[in-house]
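Accompanying notes for the structure given below.
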Amino acid sequence: MLQTVANRWQRTDVWSALEQLLKQGPMDIYPARIPKAPDFWHPAMWSRPRLITNNQPVTGDALEIIGEMLRFTQGGRFYSGLEQLKTFCQPQTLAAFAWDLFTAWQQAGAPAKDNWAFLALSLFGDESTARDLTTQILAWPQEGKSARAVSGLNILTLMNNDMALIQLHHISQRAKSRPLRDNAAEFLQVVAENRGLSQEELADRLVPTLGLDDPQALSF
């Protein structure tokens, strides 16, 4: 599939860059119809992912391929090529790109059909993303966006870093919205069960890493 996409751009260098991806695992699970890029998709205006090997930003053509792979997302499941992409790009640059994508999605009215732009935070987000997203989650219920806040909790749960769980714990304890606190506690319970812990045991493991000596460690 990626070869077809690369050939569409008639760029041999694009295919060469992606050839290694094809050799690393199953890449053939994708929608029969590739969704069209939304109107808010303007990646040339956003922070651009950079390669680990030479610190060079990915090309504009590569950005379009990344966008197509993101739009393959179905039922919250990402196309496997995106996991491979993470092995080639600097994590912090992918996180910045994902945040700009998410911001553009919000500014476009957060269309549900393009929810992949929100979910991308769970795949590419880092500790800074977790802090910034928590600020938004805490504000959304007061803006009448409680459902989006719950989706944000799910994204924090899916992020593969402890800061996201620390922020989730913070929300469960400090959020002004009682339903939001309860929802955060439910997500923490799922995390605890997946780790074979009680919620109290998980909280005990998080507390020592809360960075109490660092006033910037938590979002308030």
- Message: What percentages make up the Cα-Cα pair-distance distribution of region 57-107 when the bins are 5 Å wide from 0?
- Response: 4, 17, 26, 34, 15, 3, 0
- Task: May I have the pair-distance distribution P(r) for region 24-127, computed from all Cα-Cα distances with 5 Å bins from 0 and rounded to whole percent?
- Result: 2, 13, 24, 27, 21, 10, 3, 0
- Over region 78-151: Rg over Rh, Cα atoms, Kirkwood Rh: 0.98
- Note on the structure: Expected sort for 116-129, 184-197, 84-97, 43-56 on mean C-beta neighbours within 10 Å, highest first, is 116-129, 84-97, 184-197, 43-56
- Query: R0 = 22 Å: FRET efficiency of Gln173 with Arg195, Cβ-based, nearest 0.05?
  - Reply: 0.70
- Note on the structure: The base-10 log of I(q)/I(0) that the Debye equation returns for region 128-220 at q = 0.14, 0.19 Å⁻¹, one scatterer per C-alpha, is -0.44, -0.82
- At 0.36 nm per residue, minus the direct Cα-Cα distance, what do Thr87 and Lys113 gain on full extension? Give it in nm, one decimal, please. 6.6 nm
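Coordinate-derived values only; no laboratory data. Everything numeric in this text was worked out from a predicted model, so none of it was measured. Cβ sites come from the backbone with ideal geometry, for glycine too, and all protein chains shown count toward neighbours.
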